[in-house]
Structures are given as structure tokens and as C-alpha cells.
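See structure below.
The values are calculated or read from the model by the stated rules, or taken from the named source; none is laboratory data. Because the structure is predicted, anything quoted here is derived from the model rather than measured. Cβ: placed from backbone, ideal geometry, glycine included. Neighbour counts: every protein chain shown. Accessible surface areas use protein heavy atoms only, side chains included; no ligands, DNA or RNA. Shrake-Rupley method; radii C 1.70, N 1.55, O 1.52, S 1.80 Å.
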Amino acid sequence: GGLRRGATAPRATGFCGKGGARQMQRYAGKAASRPGKRAEYIRRHDEIWQEMKDVLKGAGICNYSIWISGDEVFGYYECEKGAAHAAEMQAKSPVVERWNEYMAAVLDMGRDEETGAQPRLCEVFYLP
């Protein structure tokens, strides 16, 4: 996941107009593996590039997990430096740009029209 170069970062004061800034913001997004590409999608994540992990960590992303059901993909991570910072760092990274190009054959991320990023999910419930 990540933003396209030149895309706008998500608001730093919460998502979908709910909540405020928290010490550790959470981000959730969804996508879909392309028809017949589920196994390849999983394989590519089994072999994720170290430089991609480094960019994510450098952006303050932690506790990143990806879940899949059928072709539906759900990703979740926490942002130590805020979601806007994480999005900005990904948007300007050539590594993320290359990863997104590499994954385009196996993943349909869709794009949020406002931000150009992977569509965010709106938080409905949180139990700390």
C-alpha cells in the first residue's frame, strides 16, 4: 500500500471525521487480489523486499499486518509518527513506487479520489 507520488496525505486529526489525534494513530485499508492471483500476492509478501520494510519502519509504521479472505485483502498498521507522516513518507519514496508497480499485476488497490491513496476504512469501534 501507499500513496502515489504527488498524492495528498490523510488528515492527521483522525479518519473519516471521527476521533482526534491519538498518540499512536491506526490505519486500515482494503484492496483485492486480482482474479487468479491470490497465491502470487501471498508469495510476493512472503518475499517482501528488505528496503520496503526499511521505508515502512522509517515512516513510523509498526504492527503492520495484512489479512486475506478469498480475494479481499485488509491491511492494518499503527503510525508512531502519525498517519499523515506515514503517508507522506510513502508518497515520496521511490521504493514504494517500485513496490506498487510490482504489485499492480496481482493487486487492485483502487484509489481514494481525494488522496490518491489506497482507500481508508472508517473506524467504527475501538477498545483500548
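Scoring 50-61, 82-93 by mean Cβ neighbours within 10 Å over their residues and listing the highest first yields 82-93, 50-61.
A full extension of the chain between residue 64 and residue 126 corresponds to an added length of 20.6 nm, given 0.36 nm per residue minus the alpha carbon distance. Fully extending the segment from residue 105 to residue 28, taken as 0.36 nm per residue of separation minus the present Cα-Cα distance, adds 25.5 nm. For the range 26-43, 3J(HN,Hα) computed residue by residue from phi via the Karplus equation (6.51, -1.76, 1.60; θ = phi - 60°) reads 10, 10, 9, x, 9, 7, 9, 6, 5, x, x, 10, 4, 4, 5, 4, 5, 4 Hz, glycine and proline entered as x. With all protein chains in place and ligands, DNA and RNA left out, the 1.4 Å accessible area ranks 74, 125 as 125, 74, largest first.
Bridging of residue 81 to lysines at a Cα separation below 21 Å is possible for 18, 53, 57, 92, once same-chain residues fewer than 8 apart are set aside. Between residue 40 and residue 81, the C-beta separation translates, for a Förster distance of 30 Å, into a calculated FRET efficiency of about 0.40.
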